[in-house]
Protein chains: 2
Amino acid sequence: MSARAGILVTGTEVLTGRVTDRNGPWLAERLREIGVDIEAIVVVGDRPQDMAAALGWLAAEGVDLIVTSGGLGPTADDLTAEVVGGFQGREMVLDEALRGRIAAILERLARRWKDLDLNALEDGNRKQATIPAGATILEPIGTAPGLVVPPASGEGPTIVVLPGPPSELQPMWHASVATEALRAATRSASPIEQRMLRLFGIPESELAESLRRAEEGGPSLERLEITTCMRRAELEVVTRFDPAATEDYQAFATFLGERHADTLFSDDESSVDEQVAALLLRAPRQTLAVAESCTGGLVAGRITDLAGSSAYFRGGLVVYSNDAKVTQAGVPVELLEEFGAVSREVAMALADGAAARLGADVGLGITGIAGPGGGTEEKPTGTVWLSACRSDGVRLEQTITMPGDRANVRDRTTTFALHLLRRLLLAPS
Amino acid sequence: MSARAGILVTGTEVLTGRVTDRNGPWLAERLREIGVDIEAIVVVGDRPQDMAAALGWLAAEGVDLIVTSGGLGPTADDLTAEVVGGFQGREMVLDEALRGRIAAILERLARRWKDLDLNALEDGNRKQATIPAGATILEPIGTAPGLVVPPASGEGPTIVVLPGPPSELQPMWHASVATEALRAATRSASPIEQRMLRLFGIPESELAESLRRAEEGGPSLERLEITTCMRRAELEVVTRFDPAATEDYQAFATFLGERHADTLFSDDESSVDEQVAALLLRAPRQTLAVAESCTGGLVAGRITDLAGSSAYFRGGLVVYSNDAKVTQAGVPVELLEEFGAVSREVAMALADGAAARLGADVGLGITGIAGPGGGTEEKPTGTVWLSACRSDGVRLEQTITMPGDRANVRDRTTTFALHLLRRLLLAPS
């Protein structure tokens with residue numbers, strides 16, 4: 001039996017949808033790495049009774065560990081430490097040494113803000129240094145300390161209390177893993193393997209059929225927990241299993257690899273973004289430039305998300321207006337007049353223009369109608385043309401009619417663009 | 001007393017962090033609009049016992065309504081309809097008419113995929129048309145029908161079952177609101193007002209001090225539920241209140257407006273993105289062009305997120321390499337040599353170059369070190385220079401050292417860029 005955990009994300013801003021929670025998913029992944037299974041992620045507002053109710057449910061479910069995020073700030077609506085202290089049966093006490101360490105951090109911060117109110121800082125300092133008696137302190141990255149709080153009674157889950165900002169929570173989680181209190185709570189943890197296969201250009205029902213075929217006499221799936229989902233126009237197949245079932249997984253992965261050789265592009269967690277980067281960096285190294293219209297910079301933005309992209313990315317042209325297509329990417333006016341801005345011909349001219357203007361080996365051109373307006377019967381909203389060209393003359397074009405709203409069309413187009421690049425870079429001369 | 005709801009998001013892909021949940025927050029906002037208070041958002045995996053445990057907890061908390069998202073697909077791991085049917089004490093039955101309607105949808109889809117396996121489709125069709133007896137059907141947008149399922153016993157919450165893809169869930173939610181079953185469950189709903197103030201360039205502790213001052217003899221905060229949070233480098237203050245407390249809110253908003261006149265930029269939910277767009281569209285209309293280095297297209301991407309941006313956005317130059325800065329944006333080589341790529345001078349040349357090359361009235365230039373490498377003692381990682389210029393000669397420059405990792409530096413820089421544009425567009429001639 002493995003150790004189990006629940007995650008409690010607090011914050012009215014998360015509960016009401018104004019802020020997207022990044023901590024729950026991140027913590028789930030880290031817990032899996034140390035062999036702890038997740039029961040649930042619960043999001044509640046900054047109301048103490050709701051927090052306590054959620055802690056009560058997770059404890060009743062019999063989890064060994066609860067990790068909370070948020071509610072450790074200096075303002076009065078940040079109540080997590082107090083609620084957790086009460087839940088674990090521990091008194092709140094001001095830790096003078098901790099108060100001094102936080103004060104030193106505040107002093108450094110104060111130099112960056114002029115006209116800072118020192119009384120405000122002092123009150124917040126006091127609040128943040130008041131912690132449940134007997135808790136293990138995780139040193140602050142910002143100004144909020146984290147806590148590992150075992151139950152005073154010895155019965156029930158240990159609670160790890162972390163601040164909301166991911167840049168603070170993440171290093172403090174790693175610190176918490178090293179504490180004796182957390183190790184004691186997760187003693188029964190046993191590692192779980194997780195592997196991912198990624199496919200592109202295949203509907204989910206095809207994969208469902210493959211799973212049924214496997215069940216009817218293919219590799220045994222009994223010891224594998226398989227889930228599938230569509231994400232950013234790609235199909236992800238994630239399998240979790242006990243390390244003892246590794247051979248079963250390998251047989252399953254081979255089975256899928258044979259059935260879906262044309263659409264399975266990743267079996268090692270690598271993203272298409274990373275694969276394109278690796279292909280550009282192969283000897284002889286090639287450089288890349290893009291000219292994009294409907295995606296408005298998102299393709300360049302996605303390429304430059306990767307650190308080190310300056311080694312192959314020359315730059316991009318966001319040619320939103322027709323004028324810009326002509327002056328910046330060198331698209332002939334006649335092409336725009338004859339075929340329209342959203343056409344195979346203009347996509348090709350954009351790819352060629354990007355490569356020529358920016359002196360790159362590989363060019364990518366994108367033009368489309370992101371919506372909500374702008375569609376016609378012949379070219380409905382969501383119509384996109386993509387073109388990619390290589391200095392040896394090999395080139396690929398593609399058109400798709402994307403479903404969904406403006407944001408969806410733009411986001412999915414970036415995935416299609418990266419897959420077109422991947423295919424181009426893999427194509428023989 | 002107001003109606004209360006819980007949201008149950010299912011999907012191992014969400015629980016384990018591979019996919020970010022967009023439905024919970026979206027549903028929370030919609031529920032608030034119809035006057036239903038949210039108790040909690042719970043995320044569980046595709047394990048029926050975990051789903052049932054979460055439903056059990058939310059029901060025990062006494063909510064009037066539970067909305068679920070996900071787990072309605074054609075594959076065997078999609079079990080939500082069955083679990084909800086069991087929880088509400090209703091038998092699962094195949095609805096033949098619904099099966100026919102889904103089959104018609106599948107037939108249309110089948111034309112888009114070649115080599116489609118029809119057996120796979122048929123099995124999925126049968127599964128998706130098997131629903132709890134007595135449930136109200138929400139017609140599918142994709143292939144999955146939604147459901148409104150009251151408890152067979154008449155005791156306990158009504159459950160609205162919606163599919164996971166946001167493009168399906170959103171219209172189907174609106175359909176569910178019109179059903180008799182949902183109206184019956186939310187009869188006690190009373191509207192809650194929610195207002196947001198946005199500030200830029202102020203630490204959270206300053207605001208905490210303002211809240212304390214209000215409590216010590218300022219406007220009454222008793223009937224206001226106030227939460228504050230930092231998001232994308234902006235400070236958001238959200239207040240929820242009963243419509244009867246509207247005057248209290250107005251007094252509070254006026255109090256903050258007076259104390260923070262220089263940093264409060266939005267009191268009507270408008271984002272800085274929307275404000276910049278509105279300022280550009282004022283008569284005489286002005287056009288915009290950007291040249292960006294470290295943000296690699298994200299600023300252009302953010303500007304073109306808004307539908308209608310083609311009315312003022314001329315285009316962008318993603319000048320990632322020094323060569324591109326010279327050839328595309330016309331930055332003099334001497335400036336790069338004398339001051340370095342990350343400098344006030346180069347940011348100014350980028351702004352001027354963007355405006356000149358793309359024929360725009362307003363130019364924006366961005367250059368910085370996003371990291372993780374590339375920092376020096378003099379210019380550490382996170383150093384960014386921004387410049388914005390107007391055709392009448394007014395211009396603004398700014399430098400910041402951004403905290404956080406590469407993704408953080410890039411994202412925060414887009415917010416600073418938009419605020420610099422806002423200030424430039426508001427500046428007198």
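When only alpha carbons of segment B:219-326 are considered, Rg and Dmax amount to 19.1, 62 Å. All Cα-Cα separations within segment B:272-426 were binned at 5 Å from zero, giving a P(r) of 2, 11, 21, 25, 21, 12, 6, 2, 0, 0, each value a whole percent of the pairs.
Projecting 7 Å from Cα along the Cα-to-Cβ direction, the label point of residue B:278 sits 4.9 nm from its equivalents in the other copies, listed shortest first. Once the Cβ-Cβ distance of residue B:337 and residue A:311 is raised to the sixth power relative to R0 = 22 Å, the FRET efficiency obtained is 0.50. In a Debye calculation with equal point scatterers on the alpha-carbon sites of chain A and no solvent, what is log10 I(q)/I(0) at q = 0.08, 0.11, 0.13, 0.14 Å⁻¹? After summing over all Cα pairs, the log10 values are -0.64, -1.00, -1.11, -1.15. Each 10 Å bin from zero holds the following percent of Cα-Cα pairs in the protein assembly as shown: 2, 12, 20, 24, 23, 14, 4, 0, 0. With a Cα-only, solvent-free Debye model of segment B:4-185, what are the log10 I(q)/I(0) values at q = 0.10, 0.13, 0.15 Å⁻¹? Values returned for q = 0.10, 0.13, 0.15 Å⁻¹ are -0.36, -0.61, -0.82. Normalised by residue count, segment B:193-266 yields a Cα convex hull volume of 75 Å³ per residue. Here is how far apart the residue B:178 label points are across copies: 6.0 nm, shortest first, using a point 7 Å from Cα toward Cβ.
With axes computed from alpha carbons, what is the tilt in degrees of helix B:23-33 against the longest principal axis of chain B, rounded to the nearest 10 within 0 to 90? Compared with the principal axis, the helix lies near 80 degrees.
Selection among B:249, B:149, B:164 by position relative to the dipole of chain B gives B:164 as farthest towards the positive end (Cβ unit charges, Cα centre).
Label-to-label distances for residue B:56 across copies, nearest first, come out at 1.6 nm, using points 7 Å from Cα in the beta-carbon direction. Exposed loop sites, defined as GluC sites (Glu not before Pro) outside DSSP H, G, I, E and B with at most 12 other Cβ atoms within 10 Å, are absent from the longest region of chain B, namely B:270-376.
Residue B:226 sits with roughly 30 Å² accessible to a 1.4 Å probe, with DNA, RNA and ligands left out of the calculation. Among chain B residues, the beta-carbon with the smallest distance to the axis carrying B onto A is reported, with distance in whole Å, as B:297, 2.
Given segment B:89-215, report the % of alpha carbon pairs whose separation exceeds 26 Å. That tail contains 45 percent of the Cα-Cα pairs. Here the Debye sum runs over all C-alpha atoms of segment B:121-184 as equal scatterers in vacuum, and log10 of I(q)/I(0) at q = 0.15, 0.26 Å⁻¹ comes out as -0.46, -1.13. Its relative contact order, with pairs defined as Cα atoms under 8 Å and 6+ residues apart, puts chain B at 10 percent. Between residue A:119 and residue B:398, what is the label-point separation in nm under the 7 Å Cα-to-beta-carbon projection? Once both label points are built, they end up 3.0 nm from each other.
Pairs of Lys residues in the protein assembly as shown, spaced 8 or more positions apart or belonging to different chains, with C-alpha separations under 28 angstrom: 7 in total.
Work out which trypsin sites (Lys or Arg not before Pro) in chain B are exposed loop sites (DSSP not H, G, I, E or B, at most 10 other Cβ within 10 Å) and give the longest gap free of them.
For trypsin sites (Lys or Arg not before Pro) (loop position, at most 10 other Cβ atoms within 10 Å), the longest site-free span of chain B is B:286-429.
The values are calculated or read from the model by the stated rules, or taken from the named source; none is laboratory data. Quick caveat, the model's predicted, so the values are computed rather than measured. No Cβ is skipped: glycine too gets one built from the backbone with ideal geometry, and neighbour counts run over all protein chains shown. Just the protein is used for accessible areas: all its heavy atoms, side chains included, with ligands, DNA and RNA removed. Shrake-Rupley method; radii C 1.70, N 1.55, O 1.52, S 1.80 Å.
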